[in-house]
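One structure below.
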Amino acid sequence: MKQVTARVLECRSLYRDTFVLWLEAPEIARRARPGQFVMLRCGEGYDPLLPRALSIYRVRDGDGGPELGLLLEVVGRGTDWLSRRVAGDTVALFGPLGHGFTVRSASTNLLLVGGGIGVAPLVWLADEEVARGRSITLLLGARSAAYLYPALLLPPEVELVTATDDGSAGHHGFVTQLLPRFAPWSDQIFACGPAPMFQAMTAPLRAVQYRKSCQVLLEQRMACGTGICYSCAVETRRHGMKLICKDGPRFELRDVYA
Amino acid sequence: MRLSVDLAPQRKFGLTLINPVMTASGTFSNGIEYRKVFDTDRLGGIVSKGTTLRPRKGNAQFRTAETAAGMLNSIGFQNIGVRALVEQVAPVWASWRVPVAVNILGDTPGEYAELARTLDGVPGVAALELNISCPNLELGGMEYGVDCDAAAEVTAVCLRATQLPVIVKLTPNVTDIASIARAVESAGADAVCVANTLLGMAIDTHTRRPVLGRGFGGLSGPAVKPVILRQVYQVAGAVAIPIIASGGVMTGQDAVEYLMAGATAVQVGTATFTNPLAPLTVLNGLERWMQDSGEEDVRNLVGAARSIPAATHRLRTAAGS
Ligand SMILES: Cc1cc2nc3c(=O)[nH]c(=O)nc-3n(C[C@H](O)[C@H](O)[C@H](O)COP(=O)(O)OP(=O)(O)OC[C@H]3O[C@@H](n4cnc5c(N)ncnc54)[C@H](O)[C@@H]3O)c2cc1C
Ligand SMILES: Cc1cc2nc3c(=O)[nH]c(=O)nc-3n(C[C@H](O)[C@H](O)[C@H](O)COP(=O)(O)O)c2cc1C
Ligand code: FES
């Protein structure tokens, strides 16, 4: 874990309420893996006090080394402050934190499942695994068309299937309803989204007798992001109490949701 | 420049810290995670997570909530229990230069005594810190820390059960913290820590529910500093044993203020969540402050802001009469 003050390279709106923030933080970008996250201060004084957890969305090559991309949905004062940064500003952050996704060498068909801003860590996973020649299908759910991550920003090799709550794009309903069609094809599933989405994944996966690995990135209120405060505890079925920031955020779905 | 301080001057071997900057219980886990982050042997001391006789799972979510320049927590003492601590963690501590105090809490005075006995003589354990901001089940759930007799009793049973120096961590949620401090000093405490978190709450107007799963939680961070600074000042006027200050220490300047109010050492807690290097930031800031003001010995700062020390005051009156 490195703590740095990073220069903002770029900050712009990508779609409804959602911004991409590119940072010059090569020390972090170099060590990071898809599924890991960083903690960012959202201001300079004591208020807001706590750093915010954001997944690493993408890493790209830049003049000064690898650049760190974050995808943030504005939901409160911290994310709002971050969304108003401009090139040349600085932000304090530390990372990379936690354990990212692990792709088994034998897996060729990867099913990615994203709900809302949960798409953030899946994009980089798709980038990397497409480059390794794997087949990727991304099931993406959102409130409405305006909240869907733009297909054009994905590698063209990725098959994108969308669902919206209001039917304004793709399947009318929850993204988890698409699982019976795609899960049997996949060798591994990787998911990120709100807790109700994970809960809703369990029944369809059981129905198709999915016994392979389904890795999920959990989210919880964090204070430290580094395993010292015990804010982010989760009770797992087979391994007892775990800390999402330190032991996760990646867990096996069946170890957390019944 | 002399930075070292002694937290148990009444003891033959004392409890010497190389500098007055420690980490606070529950905000540094058991110190192991941050060995990779910075050289924790540079610290004056580390205080363990709150440890109980048996393992605890802790409270339901949410366990923390951010507030104005502060945070609330109700972690619920999730910990591995004292036996696992002794077997798995203390041996790691034993190889460190930095002394580690174990923060303990029990449901009854008997549990405190058993904890103290279990930790007595364990290599790697330098001291005990009694967390008395928790309910005493034998006293109908009243907190030990709000009652002079209960606080004194739990201090005394621990002192009888161990040779280790005993620090008593007071609760700030009382009307007269000085009288509690006096009671635990009389019971033989080596030092007091002032203080634990201030009881507070936060409400989510969207869900119309308290934010924390447990409703109430402990407030910490910069927001509490003026309150705890006042309490350190009050306790310093009431006891002669060393005081460790805990409440919103973010910078070296905060540490200097606490020392001037009468503390011998400070603990850094919530600050480490916002800046993983905060304990070093505080230490470096304290050193720089001393350099800039030509101060050679950190002990000269202790109580420096106390208007007229009581003893001097009496001497003057005597000389004038
Ligand atoms: C491991 C992890 C990865 C994440 N990755 C992303 C990402 O890539 N993009 C993104 O937009 N968001 C992500 N989030 C959620 C993000 O952390 C919150 O949206 C953000 O903290 C909200 O802060 P705020 O000040 O804008 O909101 P406020 O509601 O004002 O925040 C108040 C407090 O609650 C906490 N909080 C609020 N919502 C959440 C939440 N959903 N999860 C955890 N803490 C929360 C905040 O950190 C803060 O301490 C992630 C969360 C976790 C735990
Ligand atoms: C997440 C968290 C957990 C804590 N756990 C304990 C504990 O187990 N035992 C204890 O005596 N104090 C505990 N405290 C209190 C701190 O040790 C410290 O006294 C308090 O937070 C005030 O200092 P600060 O403002 O620097 O954080 C905890 C505080 C926080 C924020
Ligand atoms: S956020 Fe502090 S332990 Fe996970």
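The values are calculated or read from the model by the stated rules, or taken from the named source; none is laboratory data. Here the structure is a predicted model, which is why all the values come from computation and not from measurement. Positions of Cβ are generated from backbone atoms using ideal geometry, with glycine treated the same way; all protein chains shown enter the neighbour counts.
Can B:PRO226 be described as within 14 Å of another protein chain (Cβ to nearest Cβ), in a helix (DSSP H, G or I) and under 23 Å from B:LEU17 (Cβ atoms)? No. Applying a threshold of 9 Å to beta carbon distances and a minimum spacing of six or more residues, or different chains, the list of pairs starting in the stretch B:54-72 at a residue that is at the interface with another protein chain (Cβ under 7 Å from one of its Cβ atoms) and over 12 Å from A:TYR230 (Cβ atoms) and ending at one that is β-branched (Val, Ile, Thr) and part of a strand (DSSP E or B) reads B:MET71/B:THR64. Does the stretch A:83-94 include one or more residues that are small (Gly, Ala, Ser), surrounded by 14 or more Cβ atoms within 10 Å (Cβ to Cβ), in a strand (DSSP E or B) and outside the structural domain of A:VAL175 (by TED's automatic domain parsing)? Yes; the residues of the stretch A:83-94 include at least one that is small (Gly, Ala, Ser), surrounded by 14 or more Cβ atoms within 10 Å (Cβ to Cβ), in a strand (DSSP E or B) and outside the structural domain of A:VAL175 (by TED's automatic domain parsing).
Restricting the stretch A:77-103 to residues that are near ligand 1 (Cβ under 10 Å from one of its atoms) and on the phi < 0 side of the Ramachandran plot leaves a set whose member that is farthest from the other protein chains (Cβ to nearest Cβ) is A:SER83. So, in the stretch A:231-249, how many residues would count as being over 19 Å from B:ARG56 (Cβ atoms) and within 14 Å of ligand 3 (Cβ to nearest atom)? Residues in the stretch A:231-249 being over 19 Å from B:ARG56 (Cβ atoms) and within 14 Å of ligand 3 (Cβ to nearest atom): 3 in total. For B:VAL21, the conditions (1) in contact with a helix residue (DSSP H, G or I) (Cβ under 7 Å, 6 or more places away or on another chain); (2) within 8 Å of chain A (Cβ to nearest Cβ) are fulfilled apart from (2).
For the stretch B:63-89, taking the residues that are charged (D, E, K, R) and not in a strand (DSSP E or B), the one that is farthest from B:LEU198 (Cα to Cα) is identified as B:GLU87. Filtering the stretch A:215-239 to residues that are more than 13 Å from ligand 1 (Cβ to nearest atom) and more than 21 Å from A:THR102 (Cβ to Cβ) leaves A:ILE228, A:TYR230, A:GLU235. Reported count of residues in the stretch A:183-199, each being under 18 Å from B:GLN61 (Cβ atoms) and crowded, with 23+ Cβ neighbours inside 10 Å, is 2. Against the conditions (1) at pLDDT 95 or above; (2) farther than 30 Å from B:ASN30 by Cα; (3) assigned to a helix (DSSP H, G or I), B:THR317 satisfies every one except (1).
Filtering the stretch A:212-233 to residues that are over 19 Å from B:ASN275 (Cβ atoms), more than 7 Å from chain B (Cβ to nearest Cβ) and within 16 Å of ligand 2 (Cβ to nearest atom) leaves nothing. Each residue in the stretch A:239-256 was checked for being of a type outside the set (A, V, I, L, M, F, W, C), modelled with pLDDT of 95 or more and not in a strand (DSSP E or B), and 5 of them qualify. Inside the stretch B:275-293, residues that are of a type outside the set (Asp, Glu), free of Cβ contacts under 8 Å to residues at least 24 places away in the same chain and in a helix (DSSP H, G or I) make up a count of 0. Pairing residues of the stretch B:255-268 that are among the hydroxyl-bearing types (Ser, Thr, Tyr) with residues that are buried (at least 24 other Cβ atoms within 10 Å of the Cβ) and not in a loop (DSSP other than H, G, I, E, B), at Cβ distances under 7 Å and at least 6 apart in sequence or on separate chains, gives B:TYR258/B:VAL232; B:TYR258/B:ALA245; B:TYR258/B:VAL266; B:THR264/B:VAL5; B:THR264/B:ILE243; B:THR264/B:ILE244. Only one of the numbered conditions (1) among the polar types (S, T, N, Q); (2) on the phi > 0 side of the Ramachandran plot; (3) within 13 Å of ligand 1 (Cβ to nearest atom) is not met by A:GLN209, and that is (3).
Taking the criterion of being within 19 Å of the chain's Cα centre (by Cα) and either facing chain A (nearest Cβ under 9 Å) or surrounded by fewer than 21 Cβ atoms within 10 Å (Cβ to Cβ) (or both), the residues of the stretch B:73-104 that qualify are B:ASN73, B:ILE75, B:GLY76, B:PHE77, B:GLN78, B:ASN79, B:VAL98.
Within the stretch A:19-45, residues that are polar (S, T, N, Q) have Cβ atoms under 7 Å from residues that are not in a loop (DSSP other than H, G, I, E, B) in these pairs: A:GLN36/A:GLY95; A:GLN36/A:PRO96; A:GLN36/A:LEU97, counting only partners at least 6 apart in sequence or on another chain. With respect to the conditions (1) surrounded by 14 or more Cβ atoms within 10 Å (Cβ to Cβ); (2) acidic (Asp, Glu); (3) in the same structural domain as A:ALA200 (by TED's automatic domain parsing), A:GLU73 lacks only one, and its number is (3).
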